[in-house]
Amino acid sequence: MAKIITVTVNTATDLLLEVESFVPGETLSAERAEEFTCGKGINVAKAVESLGHAVLCLGFAGARSIDAFHALQTERLTTDLTVVSGKTRTNITLHDSASGRETHIRTAGFRVTQDDCRRLRETVESHAEPGAIVIISGSLPPGAPDDFYRNLIEVCREHGMMSFLDASGPGLSRGIEAKPDAIKPNQQELEALLGKSLPDERSIAEAARELVGQGIHRVYVSRGEHGCIVVSENMAVSAYLNTAPEQIVSRVGCGDALVAGLAVAARQGLGEEAALKLGVACGTANLFSKEPGRFDSGLLAGIGDRVMLKPIH
């Protein structure tokens, strides 16, 4: 089977704080505090592992934070991270248990150099294997050139590897210049990329078709509680749950779990509809997990039965 590789150039430590009735300006006591070693590609890797598959994590990690990333390694999840000066950033999520709302606070972390980027590119090349699935996820760190993802996607193509891009801003706009095999923007990221509002499924599908026409084989658009839309040359389908999930623990990492499901489906050679169902089921299962990407795979069968598929004309 094909190797699955994730690349996370802007790794993070996620701090989840749960409070009851968050009120700005007041002193609050956290009912729960959890800290996880993360970053979008790291979350994808954890989800791949949750599905019982092996995965390799590449990317950058700050020298002052590298031990936490080494601790991630298991029998199925391995790391070969490029160490850079400084500390990996911290992302804070404030979860209001009364309202269910989340507030996200992002902090700055390490800054990378041109030499750091060269070293990571060489590491990706050193692990190259024809047929491997390479998932490039997240924002670009300070110091990385806007076309860094484009360069990594070109490396994937040179070595016969499938590239899957999940990014925003310059990472997405410059990355698609290299025509990755698949991309997964969320609805807001797709709107920002194309500079226009996409108010309904039909407009989203038409926008995705524009990108398919530019040479991207599949465009997945995640839409939170509304599921996911996939568009390829021959299809446009919306996948969603027929009933809303209850007792949500955290929404952090659900898009990453979706990507993991799609990658594992590709590794197994599943058809597009089966892949969509698995992806949406993984993203939903992640709602019930405290740690992004580490979900109970035993939930997937029941959730998958609730995933509806609807063609978009």
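Coordinate-derived values only; no laboratory data. None of these values were measured; they are calculated from a predicted model. Neighbour counts run over all protein chains shown; Cβ positions are idealised from the backbone, glycine included.
Listed values, structure above:
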{"quantity": "Under-5 Å amide H pairs with M235, H placed in peptide plane, nonlocal only", "calculated": "none"}
{"quantity": "Region 108-253: C-alpha gyration tensor shape, a/c 1.5 cut-off, then a/b vs b/c", "calculated": "prolate"}
{"quantity": "Shape call, region 240-308: gyration tensor on alpha carbons, a/c limit 1.5", "calculated": "oblate"}
{"quantity": "Non-local Lys pairs in the chain, i.e. 8 or more apart or on different chains, that have alpha carbons under 24 Å apart", "calculated": "22"}
{"quantity": "Within a Gaussian network of the chain (alpha carbon springs, distance under 10 Å), most fluctuating of V124, V19, V112", "calculated": "V19"}
{"quantity": "Candidates E272, E102, E75: whichever shows maximal mean-square fluctuation once the chain is modelled as a Gaussian network with Cα springs under 10 Å", "calculated": "E75"}
{"quantity": "Two-site FRET efficiency, R101 against N234, from Cβ-Cβ distance with R₀ of 41 Å, rounded to 0.05", "calculated": "0.55"}
{"quantity": "Electrostatic dipole magnitude of region 206-304 [Cβ: Lys, Arg +1; Asp, Glu -1; Cα centre; debye, to 20]", "calculated": "180"}
{"quantity": "Test item: Cα-centred dipole of the chain, Lys/Arg +1 and Asp/Glu -1 on Cβ, debye", "calculated": "360"}
{"quantity": "³J(HN,Hα) computed for each position of region 87-97 - Karplus, 6.51 cos²θ - 1.76 cosθ + 1.60, integer Hz, glycine/proline x", "calculated": "10, 5, 5, 10, 10, 10, 10, 9, 9, 8, 5"}
{"quantity": "Amide hydrogen neighbours beyond the local backbone of I4, cut-off 5 Å, H modeled", "calculated": "L56, I133"}
{"quantity": "Per-residue Cβ neighbour rank within 10 angstrom, fewest leading, E158, E191, E49", "calculated": "E158, E191, E49"}
{"quantity": "Alpha-carbon centroid distance for the pair region 6-49 / region 196-263, whole angstrom", "calculated": "23"}
{"quantity": "The chain - percent relative contact order, Cα under 8 Å, separation 6 or more", "calculated": "17"}
{"quantity": "In nm, spacing of pseudo-spin labels at R157 and E177 (7 Å Cα→C-beta vector)", "calculated": "1.2"}
{"quantity": "Förster-model FRET efficiency, 35 Å R0, A30 and R111, C-beta, rounded to 0.05", "calculated": "0.70"}
{"quantity": "Residue order, fewest to most surrounding Cβ atoms within 10 angstrom, among C117, C156, C282", "calculated": "C117, C156, C282"}
{"quantity": "Sorted by Cβ neighbour density within 10 Å, fewest at the top, the residues D80, D147", "calculated": "D80, D147"}
{"quantity": "Rounded FRET efficiency, nearest 0.05, which uses the C-beta distance separating H313 from R64 and R0 of 41 Å", "calculated": "0.15"}
{"quantity": "Potential lengthening between A244 and A2 on full extension [0.36 nm per residue; Cα-Cα distance subtracted]", "calculated": "83.7 nm"}
{"quantity": "Label-point separation in nm, R306 to R294, each point 7 Å along Cα→Cβ", "calculated": "2.4"}
{"quantity": "Helix runs (DSSP H) in the chain reaching 20 Å along axis by Cα, Kyte-Doolittle at least 0.0", "calculated": "254-268"}
{"quantity": "Mean ellipticity per residue at 222 nm, deg cm²/dmol - from DSSP H runs of n ≥ 4 across the chain, formula -39500 (n - 2.57)", "calculated": "-9500 deg cm²/dmol"}
{"quantity": "Most positive-pole-ward Cα, A98, L72, N286, against dipole of the chain from beta carbon charges", "calculated": "L72"}
{"quantity": "Electrostatic dipole magnitude of region 126-274 [Cβ: Lys, Arg +1; Asp, Glu -1; Cα centre; debye, to 20]", "calculated": "60"}
{"quantity": "Linear extension gain, E129 paired with S203, 0.36 nm per residue minus alpha-carbon span", "calculated": "22.9 nm"}
{"quantity": "Shape of region 18-153, Cα gyration tensor, a/c cut at 1.5", "calculated": "prolate"}
{"quantity": "Residues whose placed amide H lies under 5 Å from that of M308, excluding near-sequence neighbours", "calculated": "Y240, L241, N242"}
